[in-house]
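Chemist: Sending over a structure as structure tokens; questions will come in a sec.
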Amino acid sequence: MAMKSYEEEHKKDGPFMFKHCWEVLRKEPKWDAYLECLEDLEPDKRMFCEEEDVGKYFSLDDDADERPIGGKQAKEQRKKKKKGQPCIIDLEDELNSFLEAQKIANEGRKEMLEIQRRVSSENLEARKLAHLAAKEHKKLVMLEIYQALLMKETTSMPEDVRSEHVLAVKCLREELFNKK
């Protein structure tokens, strides 16, 4: 029926070009509301021209359907509320206190590293001194043994013990006096 009425009213425009759109939209509630408004109008006022104000026949701003606000508007309203509220924490002061705390912590770390270096070098020095003392003690003990071996009476010793004694004295002499 709608197709026939279109063809009768628009003979000079040719056949209806948007049949695929009409198939989709003809069962939509908005379209039904639009058609109801058109039925109330007189047939000669149903024709719309581009120059005429479409709003005087059909209003798109129906206040009957109150729609909820969109996501963007809700977000903007939340932002406005946040801007309107007094700021509890002053970010600049907090940032400055954080930077000050970080500076103090860095100074503490530097001090700790310096103390560790000093202790490490003192420990190294102490280990070197202990090593030198141990070497000197070893040399002193070897010297005492060397002196004791030299003072020993070898005439009453059997031949094999005497040869061992001579070898021990020779080794100790080389160890004590030939090393540089």
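Each value in this text was obtained by applying a stated rule to the coordinates, not by laboratory testing. Computed from a predicted structure; not experimentally measured. All Cβ positions, glycine included, derive from the backbone under ideal geometry; neighbour counts span all protein chains shown.
Chemist: Starting at the first residue of the stretch 102-119, write each ³J(HN,Hα) from the Karplus equation 6.51 cos²θ - 1.76 cosθ + 1.60 with θ = phi - 60°, in whole Hz, x for Gly and Pro.
Modeler: 5, 5, 5, 5, 5, 5, x, 5, 4, 4, 4, 5, 5, 5, 4, 4, 5, 5
Chemist: With labels modelled as points extended 7 Å from the Cα through the Cβ direction, what inter-label distance (nm, one decimal) is found for L41 paired with K11?
Modeler: 2.2
Chemist: Here's a follow-up. Given R₀ = 45 Å, FRET efficiency for L167-E122 by Cβ-Cβ distance, to 0.05?
Modeler: Values: r = 44 Å, r/R0 = 0.98.
That pair, L167 with E122, gives E of 0.55.
Chemist: With labels modelled as points extended 7 Å from the Cα through the Cβ direction, what inter-label distance (nm, one decimal) is found for L176 paired with E159?
Modeler: The answer from the label model is 2.9 nm.
Chemist: Calculate one ³J(HN,Hα) per residue across the stretch 162-175 by plugging θ = phi - 60° into the Karplus curve 6.51 cos²θ - 1.76 cosθ + 1.60, and present them in order as whole Hz with x for glycine and proline.
Modeler: Ordered by residue, 3J(HN,Hα) equals 5, 5, 5, 4, 5, 4, 5, 5, 5, 4, 5, 4, 4, 5 Hz.
Chemist: Would you mind computing, in nm to one decimal, how far apart the modelled labels at E114 and A133 are, each placed 7 Å from Cα along Cα→Cβ?
Modeler: That separation, rounded to one decimal, is 3.0 nm.
Chemist: Need one word for the stretch 93-178: rounded, prolate or oblate. Basis is the Cα gyration tensor (sqrt eigenvalues a ≥ b ≥ c); a/c below 1.5 gives rounded, then a/b vs b/c decides. Walk me through the intermediate numbers first.
Modeler: Values: a/c = 8.42, a/b = 7.67, b/c = 1.10.
Taking the square roots of the gyration eigenvalues as a ≥ b ≥ c, the stretch 93-178 is prolate.
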